[in-house]
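The values are calculated or read from the model by the stated rules, or taken from the named source; none is laboratory data. Everything numeric here is computed off the predicted structure, so don't read it as measured data. Please note: Cβ atoms are built from the backbone with ideal geometry, for glycine as well, and neighbour counts cover all protein chains shown.
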Amino acid sequence: MPADTARTMNADKTDGEREIDRIFALQKKAFAENPFPSYDRRIANLDKIIRLLETNEEKFAEAISADFGNRSVYETTIAEILVTVSGAKLAKKNLKQWMRPRGVATPLHMLPAKSRLEPQPLGVVGIIAPWNYPVQLALAPAVAALAAGNRVMIKPSELTPRTSEALRETVAAEFDEAECAVITGGVETGQAFTETPFDHLLFTGSTSIGVRVAQAAAKNLTPVTLELGGKSPVIIDKSADIEKATKSIAHGKMLNAGQTCVAPDYVLTPKNKLDETVSGIVNAARAMYPEIDTTADYTSIVSDRHFARLKGLVDEARDRGAKIVEVGSSNALHPNRKLPLTLVIDPPKDTGVMKEELFGPILPILPTSSPDDAINHVNQGERPLALYWFGEDNDARDHVLQKTISGGVTVNDTLWHVAQEHLPFGGVGKSGVGAYHGEAGFDTFSHLKPVFYQSRFSSGGLLHPPYTEKTAKALSFVRKIL
């Protein structure tokens, strides 16, 4: 390409696009010079993540609360800091084992050759983080990518600008940008980020945007991990302890005001336990958040647009005849954007609350006539990111686990499978592609290169031409031992 043409094309780009290009080129060059970082270097990078989280905890808490309007420092500590630090420490503890070549069985007729899988870094990994857990969902994937020996570029959400800037500053203070860097910017910058020819791209967000990210990445044949969402159901079995179940459901729904990709999206409960389920959730919610509009414990909805959407969904359900139960003061509106937990009892299936992922403190509760009725309801929709089952009947539990497909499951609680770093976290179908966390994250951001080590005592030469009677005998022997 002529130099003047290149200069013209570069001049047409935004500052964000030019920054993406610059850092990507820098990281590609650095990776080419050191394509297999040592164990010590990877440990040092994990220590940097831990240090930037622990020394900037207050800074992140203030930035996130300012971006949302209000979020409890405790929620940020638990869901952003501790979860991510835990993942980084687990990676440190297990990294030596994860990096080792993995022996693979070699068939009898190929012996005494050896076979193994050798984990190899991919190169430059792109991470697109959402606004709802803006620190955890930026740095937890970075932990996995850095442990696997990659360079990392992170694009946080424009909906949480203070947090995005805090991420940019803290990462820059710990890392050389050839190792790990944060790119801030709006929608155009995000689009350019998806079109960058990364060696792997991880996106966390809505299914609709995930489709566009996958399409953009496909132009470069960039492999993707998509952490999406969907309508994650709760199934209450007739054997469940309703009081315990409803406490867990209320907590899982109201954490971060329901702005959680694995939050319970709707509840399926036996018809004869409907009233008990509703009152149990109401009582649990009131106990946790006595004054929603004044307490600092309860999180605001992130923006006016999101707040208006949620109010519209409730209004539609009410207009269609659904019973609405608000748990908390309906005065908790602007400027705080605190939406009370809103239970929507048995709404019509074609209302928005039953068609859209809610991503807020709205919880439809539907009566079911049998366990199979609940299973059929789940299976009529797209495969969810999470499923929650409550009960004491192990046969009933296993029946649900076998008959439904979801990204992950927590039994007799909500959310906790995501925090268990030894379990892969990911979706299935429209709730996501691929998984990470723990060793699964290391493998996601590695090429498990298959290597076959031929023995100097190999008899494979018997199968080379020219073919003779010896070849026929060798083939006959191989057939017998296959």
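When we screen 447, 422 for residues that are within 27 Å of residue 124 (Cβ to Cβ), surrounded by fewer than 19 Cβ atoms within 10 Å (Cβ to Cβ) and either of a type outside the set (Val, Ile, Thr) or modelled with pLDDT of 95 or more (or both), the only hit is 447.
Taking the conditions exactly as written (modelled with pLDDT of 95 or more, over 15 Å from the mean Cα position of the chain (by Cα), within 24 Å of residue 440 (Cα to Cα) and among the small types (Gly, Ala, Ser)), does residue 115 satisfy them or not? Judged against the criteria, residue 115 is a match.
Kindly evaluate residue 443 against the criterion of being in a loop (DSSP other than H, G, I, E, B), acidic (Asp, Glu) and in contact (Cβ under 8 Å) with a residue 24 or more places away in the chain. So residue 443 fails the test. For the structure I just gave you, tell me whether residue 116 is in contact with a Gly (Cβ under 6 Å, 6 or more places away or on another chain) and either among the charged types (D, E, K, R) or closer than 30 Å to residue 461 by Cβ (or both). Yes: the conditions hold for residue 116. Apart from one condition, residue 36 fits all of (1) outside any helix (DSSP H, G or I); (2) surrounded by 15 or more Cβ atoms within 10 Å (Cβ to Cβ); (3) not polar (S, T, N, Q); the exception is (2). Of 234, 262, 211, all but one fail to be closer than 27 Å to residue 349 by Cα, without any contact (Cβ under 8 Å) to a residue 24 or more places away in the chain and within 23 Å of the chain's Cα centre (by Cα); the exception is 211. Taking residues in region 316-330 that are modelled with pLDDT of 95 or more, and partners anywhere that are exposed (fewer than 14 other Cβ atoms within 10 Å of the Cβ), the pairs with Cβ atoms closer than 6 Å and at least 6 places apart or on different chains are 320/348.
Considering 294, 342, 299, the condition of being assigned to a strand (DSSP E or B) and either in contact (Cβ under 8 Å) with a residue 40 or more places away in the chain or farther than 29 Å from residue 426 by Cβ (or both) is satisfied by 342 alone.
Figure legend. Inter-residue proximity from region 449-469: first residues part of a helix (DSSP H, G or I), second residues at pLDDT below 95, beta-carbon distance below 7 Å, spacing 6+ or different chains. Indicated pairs: 462/470; 462/471; 462/474; 463/471; 463/474.
Is it fair to say residue 431 is at pLDDT 95 or above and over 21 Å from residue 87 (Cα atoms)? Explain how you work it out, then say what you get.
On the way: at pLDDT 95 or above: yes; over 21 Å from residue 87 (Cα atoms): yes.
It is true that residue 431 is at pLDDT 95 or above and over 21 Å from residue 87 (Cα atoms).
Residue selection: residue 61 satisfies the criterion of being within 22 Å of the chain's Cα centre (by Cα) and in a helix (DSSP H, G or I). Taking region 368-409 as the range and being in contact with a Pro (Cβ under 9 Å, 6 or more places away or on another chain) and β-branched (Val, Ile, Thr) as the test, the residues that pass are 368, 378, 400, 404, 405.
Checking each residue in region 22-56 for being touching a residue at least 24 places away in the same chain (Cβ under 8 Å), under 25 Å from residue 186 (Cα atoms) and not β-branched (Val, Ile, Thr) picks out 24, 26, 27, 28, 52, 53, 56. Filtered by the rule that a residue be acidic (Asp, Glu) and in a loop (DSSP other than H, G, I, E, B), region 396-436 gives 413, 421.
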